[in-house]
Amino acid sequence: MAILSTSPAPTPPRRRSVSQASGRDPSLPAVDRPRSTSCGRQVPTPRSQSLQRSLGPRGEARSEARKKEPPRVEGLPAVLFLDVDGVLHPVQARHPRQQFATGCLALVADVVKATGAAICLSTAWRLDPSARRFVEEKLREFGLGPPIGRTPNLAQFHRSREILAWVTKFKPSTWVALDDWPLNEEDSKMHGHFVQSRPRFGLQPDTAQRVVELFKAQQQPLKSHA
């Protein structure tokens, strides 16, 4: 009768891994390398092809980035902080046909032409994207370029703080806020930089002229030190 062996069965030889065969440290992450064809030409890996598609032709990515750069707003020579309700139309106007009065918009265009000021939105309309685009569209109809920015949303009924925060950050040489609220009562720093419109009528010629005069008054000291 055959005697069964009690010795353990031999362990089959383990197959060497690719990392062991190549001598690479298995703890390091795998890296895609271009594969070579029989004629020595490198074949791009899927990862390199994906990267090339994302970058596009040479220089294309850089040019697209330049297009998306925001306009420079720091140190502008003149900035007009613009309200809408009570300035571009009477404050009681609620129907779209009553809003954005032609006469008020024309006066804003005159102010910008006389002072070279860039517009920064301080109105509550700036907080809603669709409303903001509508304001920009109305300004564009009177030859006014898009606003260079908008004031931060800090606190309700503290518009002067929002305007002063923008001024502190971007430091325009001259600036005037045009609003139907008495912003000079909120902060004394608004004195000499604020013109209040008459809410029932919106911007009027005498109010617009006052805005121009404030810009010129701020520019005089700058010219004397030039």
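The table that follows gives values for the structure above.
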quantity: Net charge of neighbours whose Cβ lies under 11 Å from the Cβ of Leu105, counting Lys and Arg as +1 and Asp and Glu as -1; calculated: 0
quantity: Charge tally in the Cβ shell below 15 Å around Ala217, where Lys, Arg are +1 and Asp, Glu are -1, Ala217 excluded; calculated: +2
quantity: Rg/Rg_globular for segment 96-155, with Rg_globular taken as 2.2 N^0.38 Å and Rg from C-alpha atoms; calculated: 1.13
quantity: Sorted by Cβ density within 10 Å, fewest first, the residues Glu185, Glu162; calculated: Glu185, Glu162
quantity: Segment 78-224, relative contact order [Cα under 8 Å, separation at least 6], %; calculated: 34 percent
quantity: When each of Lys138/Lys169; Lys113/Lys169; Lys113/Lys223 is checked by Cα-Cα distance, pairs over 22 Å; calculated: Lys138/Lys169; Lys113/Lys169
quantity: For segment 78-224, the Rg and Dmax computed from alpha carbons only, in angstrom; calculated: 14.1, 48
quantity: Dipole magnitude (debye, nearest 20) for segment 78-224, charges at Cβ of Lys, Arg, Asp, Glu; calculated: 260 debye
quantity: Selected from Gly192, Leu82, Gly143, residue furthest toward positive end of dipole (segment 78-224; charges at beta carbon); calculated: Gly143
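Each value in this text was obtained by applying a stated rule to the coordinates, not by laboratory testing. A quick note: this is a predicted structure, and the numbers were derived from the prediction, not measured. Don't worry about glycine lacking a Cβ; one is built from the backbone with ideal geometry, like all the others, and counts go over all protein chains shown.
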